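This report concerns only the one structure given below.
The values are calculated or read from the model by the stated rules, or taken from the named source; none is laboratory data. Because the structure is predicted, anything quoted here is derived from the model rather than measured. A quick note on method: Cβ atoms are made from the backbone with ideal geometry, for glycine too, and the neighbour counts reach across all protein chains shown. We work out accessible area using only protein heavy atoms, side chains counted, and drop any ligands, DNA or RNA first. Shrake-Rupley method; radii C 1.70, N 1.55, O 1.52, S 1.80 Å.
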Amino acid sequence: MTEPRTEVPPLDCRTKALFLDFDGTLVDIAPTPDAVIIPADLGSLLARLNTALGGALAIVSGRSLNELESFLRGFDGIMVGSHGSEARGMTPPLDRLPEGLESAQTEMRDYATSRGLLYEHKSMGGAIHFRALPDAGPEVEAFIERLAITNPRFEVQPAKMAFELRPAGFSKDGALQILSDQPDFRNRSPIYIGDDTTDEPALAWAETHGGFGIKVGDGKTRASQHLPDPAAVLDWLRAGLEH
Ligand SMILES: [Mg+2]
């Protein structure tokens, strides 16, 4: 466990825009994606933060939008799903399903079933989780890479004990760039909070656009700030409401 490099500055809701990853940031990573435990007050906490921030709050996740909506009832603010390729509450950056989506999903499901691995269906792609068979990582990666080569509208997204196929050309940092031009976000400095390799470009984006990133948990990062786990993130958010 690395020690926090600095004490994270308090959240000033008058001047900041806040971008939050979901898994591993607001909730602990679970053995399977649908087994996450959602704190009872999470939706209402986000709703109160959104009000305090004047609407400058967005959830930015690799999850499908419909999953985020079901997990975060009570929060009606902006959500960006599927790594920036679908959104609620802003002009959607992607308005149609990528060509070849269904056949790629079928291939992934069949492969996962044949290897006894978990296939996670996503509205814009899919993921194969190898947590149950940790040695299968390189094989899963090779399989997904082959799929991405034959389907150039998609790219490989490495995740924690999983490899994902997702639409090419979209990213969390791309979503932040788009959001930062929206009226509620303009003239506010960005804070991005995330835990995974998929968050690094967004953490770096916040650092280079007048704000900062907060890395949750261990690991190499370009964020200047650090919090140990989702419980610490929620404490920091609650403190921001009272600040
Ligand atoms: Mg995450």
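The portion of the accessible surface of region 101-167 made up by carbon and sulfur, rounded to a whole percent, is 55 (1.4 Å probe; DNA, RNA and ligands excluded). When shorter helices are ignored and each DSSP H run of at least 4 residues is given -39500 (n - 2.57), the per-residue value for the chain at 222 nm works out to -10000 deg cm²/dmol.
Each Cα pair under 8 Å and six or more residues apart adds its separation to the average, and for region 101-167 the resulting relative contact order is 29 percent.
Can you give the extra length, in nm with one decimal, that the chain gains between residue 222 and residue 178 once fully stretched, where that is 0.36 nm per residue apart less the Cα-Cα distance? It would help to have the intermediate numbers written out before the result.
On the way: separation 44, 0.36 × 44 = 15.84 nm, distance 2.10 nm.
Gain on extension, residue 222 to residue 178, equals 13.7 nm.
The percentage of C-alpha pairs in region 27-125 whose separation is greater than 21 Å is 43%.
Restricting to the chain, compute how many DSSP beta bridges are antiparallel as a %, nearest 5. Don't skip to the answer; put the middle values down first.
Details: 18 of 37 bridges.
Of all bridge pairs located within the chain, approximately 50 percent are antiparallel.
How many Å³ per residue does the convex hull of the Cα positions in the chain occupy? Intermediate results must be reported in sequence, preceding the final value.
On the way: hull volume 28.4 nm³, N = 243.
Roughly 117 Å³ of hull volume per residue.
Cα centroid separation, region 195-243 to region 132-146: 29 Å.
Here the alpha carbons of region 101-167 define both size measures, Rg and Dmax, at 10.4, 29 Å. Sorting 167-174, 104-111, 22-29 by average packing, meaning the other beta carbons within 10 Å per residue, from highest down gives 22-29, 167-174, 104-111. Of the peptides 131-144, 31-44, 8-21, the ranking by mean beta-carbon count within 10 Å, highest at the top, reads 8-21, 131-144, 31-44. Mean separation of Cα pairs under 8 Å and 6+ residues apart, divided by the residue count of the chain: what relative contact order is that in percent? Here the relative contact order equals 25 percent. Measuring nothing but alpha carbons in region 185-226 and taking Rh as the Kirkwood radius, the Rg to Rh ratio lands at 0.97.
In the context of the full set of protein chains, region 89-243 has a per residue accessible area of 48 Å² (1.4 Å probe).
Projecting the alpha carbon convex hull of region 1-85 along each direction and taking the average yields 6.7 nm².
Grab the Cα-Cα distance for residue 204 and residue 146, subtract it from 0.36 nm times how many residues apart they are, and report the gain in nm with one decimal. Mind dumping the intermediate values first?
Working: separation 58, 0.36 × 58 = 20.88 nm, distance 2.92 nm.
That works out to 18.0 nm of additional length.
Secondary structure note: in region 111-239, about 70% of the DSSP beta bridges are antiparallel.
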